[in-house]
Amino acid sequence: MTSSSDRSQAVDVQEPKTYEVRTYGCQMNVHDSERLSGLLEGAGYVRAPEGSDGDADVVVFNTCAVRENADNRLYGNLGRLAPMKTKRPGMQIAVGGCLAQKDRDTIVKKAPWVDVVFGTHNIGKLPVLLERARVQEEAQVEIAESLEAFPSTLPTRRESAYAAWVSISVGCNNTCTFCIVPALRGKEKDRRTGDILAEIEALVGEGVSEITLLGQNVNAYGSDIGDREAFSKLLRACGQIEGLERVRFTSPHPRDFTDDVIAAMAETPNVMPQLHMPLQSGSAPVLKAMRRSYRQDRYLGIIEKVRAAIPHAAITTDIIVGFPGETEEDFEQTMHVAREARFSAAFTFQYSKRPGTPAATMENQVPKEVVQARYARLVALQEQISWDENKKQVGRTLELMVAEGEGRKDGATHRLSGRAPDNRLVHFTKPDQEVRPGDVVTVEVTYAAPHHLLAEGAVLDVRRTRAGDAWEKRNAAEAPKPAGVMLGLPKIGAPEPLPVATGSGCGCD
């Protein structure tokens, strides 16, 4: 006779199901993917080991409809997973994000092996939809037309222990002719200021020392609640949070960039001397065709005011080359603004059609070879400007927040990497004492390249921080577990400048 204890020992203990999230697109998508990871882990899933390449029980694609050939990339990746799913009973594939919101039923028709399709407004439904698809053994397509719950109310599995995104609004009220995001994300909806500050305080309590405020048009914050100075007030309120060392925000629109915001940036010590403000074009006719409500003088005027208030501010931008109707004279106006603005970096894009946008059907599309030639000229100019601006940093003493995974050659060069207050990437000599991501080091810049700085001398000071403690605690806790799958798109701070790629160049691109 078998005892009850023997029977209990014979019961199989199932391994938890694994998941992988693949992210494409803007910072908003990266932040959404942190929510998706948090939801899946809350439902009992664990991250698949790094490099699993689809060998997980659930693979989630968080898509973008702005990047060039986004749909081709998605269907190519789905096609590669089809045979893996055939060999692996129970495997599920989900597709969410902007492309899912846009294409809806098309995804299941083109890739019938997909189990779940969900949109930008109902990411919180993913675990339920996966379970429903499993039980009913048929694809679940659920696209909400408006936001069901603000994403920040959902659980999060943050990529960084020391830095975090904080969404202050979703959606966009602009009608830029090259951008489809407002149609997919909806009208702007602002969070309550108290909720935002409560989330930031909770993050600081967990060890986070740097936050980036996120919005499709971040400095329009307050339009939904009827307060034109709400964004500057929010920046100043962030300055009152003890333990919060660095505050950044992305991406603002020149139309909404008011003097009270500049004053708040200059007068709030933990708001960093950095500004990413999309230009798109320097030409008045092109800006009008784009439905961008500012002109060259307005844009340069903002930069002049920012530099007067914050002399060491680093300013970056987005520029589209070859928008429909762009003439050589129009392009020269963009080159003029680049020379005048002296951007520390620019994210430059060759215009390409985006189905569903007004610009896609405009007349006078610029020939590809002309776009490529202009793009090369702009990149060459900006590369030289970036290098010249970085050379001005040589000899300066900077406080760096030590970063994780931002120096690809750090191991070979015996260096570490960190971000300066203005968000420039600095590689520095590894000190003898332990330095953890999130800690702060003081260095002197000795060399400048177009996209980074070097501090080749000895580190002048090391300050161990609560953020470094949080990084150490997270890694100690996760050491026995498989390494996580990185989301694969922007880390906290600006991405590498001058990508060799084409795209719409919208502020969320």
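Quick rundown of the values:
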{"quantity": "Unmet criterion (only one of (1) crowded, with 17+ Cβ neighbours inside 10 Å; (2) among the hydroxyl-bearing types (S, T, Y); (3) more than 21 Å from H451 (Cβ to Cβ)) for T316", "calculated": "(3)"}
{"quantity": "Qualifying residue in segment 387-403 (condition: more than 18 Å from V445 (Cβ to Cβ) and surrounded by 16 or more Cβ atoms within 10 Å (Cβ to Cβ))", "calculated": "no"}
{"quantity": "Meets criteria (over 28 Å from Q393 (Cα atoms), in a helix (DSSP H, G or I), open to solvent by 30 Å² or more (accessible area, probe 1.4 Å) and out of contact with any strand residue (DSSP E or B) (no Cβ under 6 Å at 6 or more places or on another chain)) for K288", "calculated": "yes"}
{"quantity": "Exclusive hit being modelled with pLDDT of 95 or more and assigned to a helix (DSSP H, G or I), set G468, G457", "calculated": "G468"}
{"quantity": "Top-ranked residue in segment 355-372 [being among the polar types (S, T, N, Q) and not in a helix (DSSP H, G or I); ranked as least open to solvent (accessible area, probe 1.4 Å)]", "calculated": "T357"}
{"quantity": "Single residue of segment 163-197 satisfying the filter (surrounded by fewer than 20 Cβ atoms within 10 Å (Cβ to Cβ) and at pLDDT below 85) that is farthest from L244 (Cα to Cα)", "calculated": "A183"}
{"quantity": "Matching option when the condition is within 18 Å of the chain's Cα centre (by Cα), open to solvent by 10 Å² or more (accessible area, probe 1.4 Å) and of a type in the set (G, A, S), among S160, S146", "calculated": "S160"}
{"quantity": "Flag for A346 being aliphatic (A, V, I, L, M), open to solvent by less than 50 Å² (accessible area, probe 1.4 Å), in a helix (DSSP H, G or I) and in contact (Cβ under 8 Å) with a residue 12 or more places away in the chain", "calculated": "no"}
{"quantity": "Residue that is most open to solvent (accessible area, probe 1.4 Å) [pool: residues in segment 198-252 that are assigned to a loop (DSSP other than H, G, I, E, B) and of a type in the set (V, I, T)]", "calculated": "I225"}
{"quantity": "Only listed residue being over 30 Å from H276 (Cβ atoms) and either open to solvent by less than 10 Å² (accessible area, probe 1.4 Å) or small (G, A, S) (or both), chosen from G54, G25", "calculated": "G54"}
{"quantity": "Condition met for T120 (within 24 Å of R354 (Cα to Cα) and assigned to a loop (DSSP other than H, G, I, E, B))", "calculated": "yes"}
{"quantity": "Lone unmet requirement of (1) surrounded by fewer than 21 Cβ atoms within 10 Å (Cβ to Cβ); (2) at pLDDT 85 or above for V59", "calculated": "(1)"}
{"quantity": "Within segment 63-90, tally of residues that are over 30 Å from C176 (Cα atoms) and either open to solvent by 50 Å² or more (accessible area, probe 1.4 Å) or in contact with an Asp or Glu (Cβ under 6 Å, 6 or more places away or on another chain) (or both)", "calculated": "8"}
{"quantity": "Residue within segment 314-324 that is assigned to a helix (DSSP H, G or I), touching a helix residue (DSSP H, G or I) at 6+ places or on another chain (Cβ under 6 Å) and either of a type in the set (S, T, N, Q) or without any contact (Cβ under 8 Å) to a residue 60 or more places away in the chain (or both) present", "calculated": "no"}
{"quantity": "Residue check, V208 over 29 Å from E340 (Cα atoms) and of a type in the set (V, I, T)", "calculated": "yes"}
{"quantity": "For S293: the one exception among (1) modelled with pLDDT of 95 or more; (2) open to solvent by 20 Å² or more (accessible area, probe 1.4 Å); (3) among the small types (G, A, S)", "calculated": "(1)"}
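Residue-wise test of (1) in contact with a Pro (Cβ under 7 Å, 6 or more places away or on another chain); (2) of a type outside the set (V, I, T); (3) at pLDDT 95 or above; (4) on the phi > 0 side of the Ramachandran plot.
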residue: S386; (1), (2), (3), (4): yes, yes, yes, no
residue: M401; (1), (2), (3), (4): no, yes, yes, no
residue: H414; (1), (2), (3), (4): no, yes, no, yes
residue: S417; (1), (2), (3), (4): no, yes, yes, no
residue: F428; (1), (2), (3), (4): no, yes, yes, no
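The values are calculated or read from the model by the stated rules, or taken from the named source; none is laboratory data. Please read all numbers here as calculations on a predicted model, not as lab measurements. Counting neighbours? That spans all protein chains shown, and the Cβs are built from the backbone with ideal geometry, glycine included. To get the accessible areas, we keep the full protein, side chains included, count just its heavy atoms, and leave off ligands, DNA and RNA. Shrake-Rupley method; radii C 1.70, N 1.55, O 1.52, S 1.80 Å.
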